[in-house]
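One structure is given here, and the rest of the page talks about it.
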Amino acid sequence: MLRRTYNFKDSILLEWGDVIISHLKLDIKQFADFDPKFDTQFITNLQQQIKQGYEEGGDLSNMMELKQDTKLVENAMKSCLTYYKRLKYWVVETFPEEDAIQKHFGVGMLKNIRNSQPKMMQYIEGLEETIEEYRSEMIAAGTPIELLNQSSILSNTLRIANKNQEQKKGKRAVATAKRIETLNELYKLLQKVNTVANYVFEEQPAKRKLYRTPTKNEKTVTE
């Protein structure tokens, strides 16, 4: 798993970048005299890196999308649980003395499926075939036909919700990795500026302070 190479907030890193740019524009000649790589193009590249860091926007949008999909999964799971309870009533009503048939319908396995999406999907998807096998007996016992037809709808709804949730998890992981990679590269550039500033302003501690790396939750020095 890709990790940040700095120990403060992303917002502090980006703010530090903005501050470094403002100082570097004024001091670029002194930096270039020490190391010619520090020219106007270096500033342009650094600005682009900072801009990209802002544009990628953090994890909030991905979190909100995932939260919405998770809510859909939760709603689908609740619907399946409600269906299980209602179907159970009619299964027991139709086959009161036949434990094997009741078990075939999943009676008694609520605790195993109620908190597991994969197990609930497996259960709901398997119901359609079981219902068809005993449909006539259940209808004769008074089971509502719409209840018997509902399993395939619930199965499809839960499967789609689960798929979308898993896709969002993957999307979030990829986006987070890309953002961390971008910000780590920015941190590396800013650290390079800080290192060179220590040489350029070796006799000017106040100037060196303007380029120093911020510590955790520290505000950057703007003047």
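Hey, among the residues in the range 107-122 that are over 18 Å from Ile160 (Cβ atoms) and hydrophobic (A, V, I, L, M, F, W, C), which one's surrounded by the most Cβ atoms within 10 Å (Cβ to Cβ)?
Top of the filtered list is Ile113.
Restricting attention to helices (runs of 4 or more DSSP H) lying wholly within the range 53-168, give those where 3 or more residues are of a type outside the set (Asp, Glu) and in contact (Cβ under 8 Å) with a residue 24 or more places away in the chain.
60-94, 117-140
Just one of Leu154, Leu189, Leu158 is in the same structural domain as Asn45 (by TED's automatic domain parsing) and either touching a helix residue (DSSP H, G or I) at 6+ places or on another chain (Cβ under 7 Å) or basic (Lys, Arg) (or both); which is it?
Leu189
Condition first: over 10 Å from Gln49 (Cα atoms), assigned to a helix (DSSP H, G or I) and of a type in the set (A, V, I, L, M, F, W, C). Now tell me which residues in the range 181-203 satisfy that.
Hits for the range 181-203 are Leu190, Val193, Val196, Ala197, Val200.
The values are calculated or read from the model by the stated rules, or taken from the named source; none is laboratory data. Keep in mind the model is a prediction, meaning the values are calculated, not measured. All Cβ positions, glycine included, derive from the backbone under ideal geometry; neighbour counts span all protein chains shown.
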